[in-house]
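The values are calculated or read from the model by the stated rules, or taken from the named source; none is laboratory data. Just so you know, these numbers come straight off a predicted model, no measurement behind them. Note: ideal-geometry Cβ built from the backbone for every residue, glycine included; neighbour counts use all protein chains shown. Accessible surface is based on the protein model in full, side chains and every heavy atom, while ligands, DNA and RNA are left aside. Shrake-Rupley method; radii C 1.70, N 1.55, O 1.52, S 1.80 Å.
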Amino acid sequence: MDLRTYLQTALDAAYLAKGIHQYYQEKGFTHSTKSTPTDVVTQADHESEAAIRELIAERFPDHVVLGEEQGQDKEGEFRWIVDPLDGTVNYAHGFPFYAVSIGLEVRDEVVLGVVLDTARGDLFTAIRGGGAYLNGRPIQVSQRRALVGSLLATGFPYDVGRDPENITYFQRALAKGLTVRRPGAAALDLANVAAGRLDGFWEVKLSPWDVAAGWLLITEAGGQVTGLQGEAYRLGNRYLVASNGHIHQQLLDTLHGR
């Protein structure tokens, strides 16, 4: 299995999506809502995913695609996990923090990840066993060893009013005087942990398309990704905690109120 061939497909698909994002930013777009009034979807989301699906189908007709907007309609050993526009609310408001995220899972193992920051142009890539890269240069997680003084990020689900669990974790972090950001695009948050720009990140109720590529980026950059109890992370887990590894237990302890 030559992952470089698949990486090129992921890159082509990501830049195709970026072009669609830029087109609608210039032309204007309509949007609607899904699960809640703040769960926004735009033309760019739908058209980006359709374009990515078409490209993958042309090159690898037997492969499966799991996408945020169209879901998954078959099974197979090779599964592309796609968020065509992560950070849609940011995009809809012109706030420049959104991305396309593409991961490739082979026999239940994520082996490739691409996150393209379509507003800034930063390209994050990883191949399992081959390291993580930002714009073609190797990256590593930060070396900070104390939670106090670290820069952290989190996010909240669209139904946070009905499911406020992460507000409790957020309050525990703030009560310790920790610095926490809430940029609004989990794929980019994870990529920035991999690049050492953030020291840690946690969130509740993320979907596989939010996580697949960023999870591999952090792992290949030397970081750690677990569930809330410190257990091995699996796609679909309710909880995700990511860090440079050095502060991981401290972050887990804080979230648990210890």
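Quick look at the values:
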read-out: Close pairs from the range 14-42: first under 19 Å from Val115 (Cα atoms), partner in a loop (DSSP other than H, G, I, E, B) and modelled with pLDDT under 65, Cβ under 9 Å, at least 6 apart; value: none
read-out: Filter result for the condition that a residue is within 14 Å of Ala213 (Cβ to Cβ) and not charged (D, E, K, R), over Ala13, Ala92, Ala44, Ala57; value: Ala13
read-out: Residue in the range 191-199 that is β-branched (Val, Ile, Thr) and either within 18 Å of Asp253 (Cα to Cα) or surrounded by fewer than 22 Cβ atoms within 10 Å (Cβ to Cβ) (or both) present; value: no
read-out: Every residue from the range 58-79 that is more than 17 Å from the chain's Cα centre (by Cα) and within 22 Å of Leu235 (Cβ to Cβ); value: Phe60, Asp62, His63, Val64, Gln70, Gln72, Asp73, Lys74, Glu75, Gly76, Glu77, Phe78
read-out: Condition met for Ala173 (open to solvent by less than 10 Å² (accessible area, probe 1.4 Å) and within 19 Å of Val89 (Cα to Cα)); value: no
read-out: Only listed residue being open to solvent by 50 Å² or more (accessible area, probe 1.4 Å) and more than 25 Å from Val82 (Cβ to Cβ), chosen from Thr219, Thr179; value: Thr179
read-out: Exclusive hit being surrounded by fewer than 23 Cβ atoms within 10 Å (Cβ to Cβ), at pLDDT below 95 and in a loop (DSSP other than H, G, I, E, B), set Val160, Val148; value: Val160
read-out: Residues within the range 97-119 that are farther than 13 Å from Ile81 by Cα and among the β-branched types (Val, Ile, Thr), tallied; value: 1
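Results for (1) within 17 Å of Ala14 (Cβ to Cβ); (2) small (Gly, Ala, Ser); (3) modelled with pLDDT of 95 or more; (4) open to solvent by less than 30 Å² (accessible area, probe 1.4 Å), shown as yes or no for each residue.
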| residue | (1), (2), (3), (4) |
| --- | --- |
| Val89 | no, no, no, no |
| Ala92 | no, yes, no, no |
| Ile102 | yes, no, yes, yes |
| Leu112 | yes, no, yes, yes |
| Ala119 | yes, yes, no, no |
| Asp122 | yes, no, yes, yes |
| Gly130 | no, yes, yes, no |
| Pro138 | no, no, yes, no |
